[in-house]
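The values are calculated or read from the model by the stated rules, or taken from the named source; none is laboratory data. Values in this document were obtained by computation on a predicted structure and should not be read as measured data. So basically every Cβ, Gly included, is an ideal-geometry build from the backbone, and we count neighbours across all protein chains shown. These accessible areas exclude ligands, DNA and RNA; they are computed on the full protein's heavy atoms, side chains included. Shrake-Rupley method; radii C 1.70, N 1.55, O 1.52, S 1.80 Å.
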Amino acid sequence: MKKIFLTFVLFFVSVFCFAQNFFEPEQVLSEDLAKNFTAHYKEFFAELQSQSIGTTISAMITHNVRETFDAVRKLKPSKKVGRIFEKYSFDKDKGLYQFLVLQYGIVAYTIEEALLEIQGTTRSEKQKENDRQTVALLSEIKAQINSKDYELIKKYGKDLYAIFNAM
């Protein structure tokens with residue numbers, strides 16, 4: 001009986017650990033959203049700015065990437081802000097989270113590009129340590145973004161980089 005119980009417990013612990021290590025967040029971006037956002041971002045930002053949404057998002061950002069994603073994922077925009085999101089192909093309830101995915105996704109994309117540029121170059125020990133910290137941050141960000149969303153961000157990377165870099 002003890003062997004059956006122990007096997008049962010080990011099985012569930014294994015499943016739990018597997019689920020924790022291989023969890024992928026839900027896909028929240030679409031081709032339509034990316035196209036619409038890159039084509040109409042100035043109008044989108046103007047409308048959001050009129051609703052003072054920036055202060056809401058800024059208040060949610062922490063030093064911990066996962067905590068930021070968790071906090072924004074739970075945040076529901078007002079109906080007025082939800083309508084703005086819908087107008088530009090975002091989900092009215094998940095728009096803040098989708099926008100966060102775009103923002104952090106372009107940060108990850110930029111970090112990846114920078115790391116590729118320095119790959120194979122001679123680096124000092126301090127630079128190597130900074131590189132390791134940067135890789136850790138990149139991994140932390142990418143763990144919060146669905147792989148299909150990240151591929152879409154990379155596809156529109158140059159446009160998204162120009163948009164967010166100008167902010």
Exercise for review: Within the range 129-165, count every residue that is farther than 18 Å from residue 38 by Cα, β-branched (Val, Ile, Thr) and not in a loop (DSSP other than H, G, I, E, B).
Suggested key: 3
Exercise for review: Could you grab the pairs with beta carbons closer than 7 Å, sequence gap of 6+ or different chains, first residue in the range 37-65 and under 28 Å from residue 155 (Cα atoms), second one open to solvent by 80 Å² or more (accessible area, probe 1.4 Å) and at pLDDT below 85?
Suggested key: none
Exercise for review: Can you work out which of the residues in the range 112-142 that are aliphatic (A, V, I, L, M) and exposed (fewer than 12 other Cβ atoms within 10 Å of the Cβ) is nearest to residue 153 (Cα to Cα)?
Suggested key: 116
Practice item. Check the range 32-44 and report whether any residue there is of a type in the set (Ser, Thr, Tyr) and modelled with pLDDT under 85. Key: no
Study note, to complete from the structure: Among residues of the range 81-99 being part of a helix (DSSP H, G or I), within 14 Å of the chain's Cα centre (by Cα) and more than 17 Å from residue 38 (Cβ to Cβ), the residue modelled with the lowest pLDDT is 96
Review point. Hey, among the residues in the range 61-80 that are modelled with pLDDT under 90 and over 22 Å from residue 143 (Cβ atoms), which one's least open to solvent (accessible area, probe 1.4 Å)?
Key: 77
Practice item. Output yes when any residue across the range 152-161 is within 26 Å of residue 48 (Cα to Cα) and surrounded by fewer than 14 Cβ atoms within 10 Å (Cβ to Cβ), and no when none is. Key: yes
Point to revise | Candidate set: the range 15-31, residues that are open to solvent by 30 Å² or more (accessible area, probe 1.4 Å) and under 18 Å from residue 149 (Cα atoms); chosen: the one modelled with the lowest pLDDT | key: 22
Revision key, fill the gap. Matching residues in the range 63-80 (outside any helix (DSSP H, G or I) and out of contact with any Asp or Glu (no Cβ under 7 Å at 6 or more places or on another chain)) number 5
Exercise for review: Being surrounded by 18 or more Cβ atoms within 10 Å (Cβ to Cβ) and either touching a Gly at 6+ places or on another chain (Cβ under 9 Å) or among the β-branched types (Val, Ile, Thr) (or both) is the filter here, so list the residues in the range 91-104 that pass it.
Suggested key: 95, 101
